[in-house]
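**Student:** Quick one: the structure is below, questions incoming.
A short reminder: the numbers here are calculations on the coordinates, not readings from a lab. Everything numeric here is computed off the predicted structure, so don't read it as measured data. Every residue, glycine as well, gets a Cβ built from its backbone with ideal geometry; the counts of neighbours run over all protein chains shown.
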Amino acid sequence: MLHPALRATRPLLRPAAALRPTVPLLRPAKPLLGVDECDKLLTYSGSPFETERVNVDGRDLRVWKNWGQKQLLSTPIAAPEPFEAREVVTFADAYDKAVDLAAVLAEHGVVAGTRVAVGGVNSTGWVVSFLAVCLAGGVPVLLNNGLHVDAQMHCLQLTKPHLTLVDDKLAAQLAGKWETWCWSPIDHLQDCTGITGCLSWLILALHNGSKLVFMRHWSVPMAVKLMVEESVGKIGGVPAVATAILQSPLVPKDYELETVAYGGATPPTDLAKNLVERWPKLIPATGWGMTETSGFHTGFLGQEYLDKPHGAGQVLPVTELKVVDAAGNEVPPGETGTLLCRGQTLMKEYVGNPKATAESFREGGWFDTGDIAFIDEFGDLHLVDRAKEIIVRGGENIASAEVERALLSDPRVAEACAVPVPCEVMSERVGVAVTLAPGAEATPREIAETAWPKLRYCARPDIAVIVDKMPWTPSQKVVRGDVKKLVQEEWERIGRKPLVDSRDARARM
């Protein structure tokens, strides 16, 4: 049976030649080529994107043959762009400093395969340290700057890096517990005794001469200020970042954005459309990936994304996907199941945890993502939910993403998170927490009532909580455990009484 979301968007799933854009963006002059034809044109023998099949740790993978090496050979010089008290260096400066640091690392025993930890807030020192480790042949162990010191120590003891490069704040945290090297400032490394995310597009930006603008911490006013003063044309992050910029009254009316890319969480269905309506020349982009896949495994942009706002795009030439049933058999297009992935970007193992590694990989090197998904007849991925984020109400499986999409269609809602709350009769009911858009006003009941008509009866929220700020991880994903605790505490405080009784709810169907 086809997934309901696929049936609902069936008119959009038509041959490429018959596509009729709903927004005047990337309109083709000729019929579009199929995915297989594009793949052959881009990866033919001798092309920059040529691929080959190799065996990596017993896994048969399709990989880039030449492209990565060619990208790393070029280091153009970008002109410096002073900005108040912000730290500004050219790519050439950063490269020179990274080469110097790489030599120091080599003198201290860093060779191919040596683990070197890198940690701290977003800064030039972090970027230079990351590049230096790579240039020396080492393996960067990326520490999460937002972790408690005990969690930092757990990560360090698990990965056992040969050296640890951090900023002054993290060095102070680890003082007396772990030996670190501290950068402060970038030109000076000192001995002291005492995981920001890896920017996978860093080398590409360096190669193309683009300017990278970092924020030490997320702040909408600061983000808008930097975007305007640094003439930022492309931004990325989780959907909440794009939503916040779109809704912010601080963004000048004549400001132009070229590209907005996001992933890592369920985006509002109309986010791409709203972005293009605000900036008609903008290209929205999204995709799917995990930490285990180096962050990016599928993606699409522009009109393809606008035509399938629930989708997550096509696989890369060096990545693979399939959806399987409970018995491990691959299901036909349009049917939901467990999403498995394989490819060059996939991790080798969970460090120091062979049991988790063995449980996550299936025969043939396929990795069990834990996502529930389907792949349509054109090969586009559609995420339904995480298996562990299913709310079971009276035997009905409710995807948290289903509820969140309905909530996010309300222009008053900036962020939404659906979680289960306990019920003696139904086992679980649906609880939600939301943040409001700038300037918006609403009560929890109003938010829930607006979402009810868009949801099947069992998926309608029985409790809604409005919060000032959603708890985020350092990588800007909602901490569902914290939201669940908050909503369940409110559920108990009100005596587990739903916003409306069942008769009232059914009358509204």
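**Student:** Give me the mean projected area, in nm² to one decimal, of the convex hull enclosing the Cα positions of segment 394-507.
**Tutor:** Hull-based average projected area comes out at 7.1 nm².
**Student:** Counting only residues 5 or more places away or on other chains, whose amide H sits under 5 Å from the amide H of THR298 once H atoms are built in the peptide plane?
**Tutor:** TRP288
**Student:** Between LEU212 and LYS454, what length in nm is gained on full extension when 0.36 nm per residue of separation is reduced by their alpha carbon distance? Please report the intermediate quantities before stating the final value.
**Tutor:** Details: separation 242, 0.36 × 242 = 87.12 nm, distance 4.06 nm.
Extra length available between LEU212 and LYS454 comes to 83.1 nm.
**Student:** Of all GluC sites (Glu not before Pro) in segment 411-451, which ones are in loop regions per DSSP and have a Cβ with at most 10 other Cβ atoms within 10 Å?
**Tutor:** Hits after loop and neighbour filter: GLU424, GLU441.
**Student:** For HIS148, HIS382, what ranking results if the residue with the fewest other Cβ atoms within 10 Å of its Cβ goes first?
**Tutor:** Ordered from fewest to most neighbouring Cβ atoms within 10 Å, HIS148, HIS382 come out as HIS148, HIS382.
**Student:** While we're on this one: Once you list every other residue whose beta carbon is under 10 Å from the beta carbon of LEU61, what net charge do they have if Lys and Arg are +1 and Asp and Glu are -1?
**Tutor:** That sum, taken over residues with Cβ under 10 Å, equals 0.
**Student:** How much net charge surrounds ILE391 when only other residues with a Cβ under 10 Å from its Cβ are counted (Lys, Arg +1; Asp, Glu -1)?
**Tutor:** Local net charge: -3.
**Student:** With each pseudo-label sitting 7 Å past Cα toward Cβ, what's the ARG412-VAL88 distance in nm, one decimal?
**Tutor:** Taking the simple label geometry, ARG412 and VAL88 are separated by 4.4 nm.
**Student:** Between LYS40 and GLU446, what is the label-point separation in nm under the 7 Å Cα-to-beta-carbon projection?
**Tutor:** Between GLU446 and LYS40, the label points sit 5.8 nm apart.
**Student:** Please sort by residue number the GluC sites (Glu not before Pro) in segment 83-182 whose DSSP state is loop and whose Cβ has at most 12 other Cβ atoms within 10 Å.
**Tutor:** In loop regions of segment 83-182 (DSSP not H, G, I, E or B), the sparsely surrounded GluC sites (Glu not before Pro) are GLU84, GLU87.
**Student:** While we're on this one: Just to confirm a number: summing +1 for Lys and Arg and -1 for Asp and Glu over residues other than GLY343 whose beta-carbon lies under 10 angstrom from that of GLY343, what do you get?
**Tutor:** Spelling it out: positives minus negatives among the neighbours equals +2.
**Student:** Additional query: If you take the beta carbon distance between HIS108 and ASN144 as r and set R0 to 30 Å, what does 1/(1 + (r/R0)^6) give as a FRET efficiency, to the nearest 0.05?
**Tutor:** Working: r = 24 Å, r/R0 = 0.81.
In this case the efficiency is close to 0.80.
**Student:** Could I have the simple spin-label model distance between GLU359 and SER231, label points 7 Å from Cα toward Cβ, reported in nm to one decimal?
**Tutor:** Here the answer is 5.3 nm between the modelled labels.
**Student:** Sorted by packing (mean other beta-carbon atoms within 10 Å per residue), highest first, where do 292-303, 226-237, 352-363 land? Please list the in-between numbers first.
**Tutor:** Details: 292-303: 20.2, 226-237: 16.2, 352-363: 12.0.
Ranked by mean Cβ neighbours within 10 Å, highest first: 292-303, 226-237, 352-363.
**Student:** Structure shown: which of LYS160/LYS355; LYS169/LYS273; LYS273/LYS469 lie over 30 Å apart, alpha-carbon to alpha-carbon?
**Tutor:** The pairs that break the limit, which is 30 Å between Cα atoms, are LYS169/LYS273.
**Student:** Which lysines have a Cα less than 22 Å from the Cα of LYS40, not counting those fewer than 8 places away in the same chain?
**Tutor:** LYS30, LYS65, LYS70, LYS322
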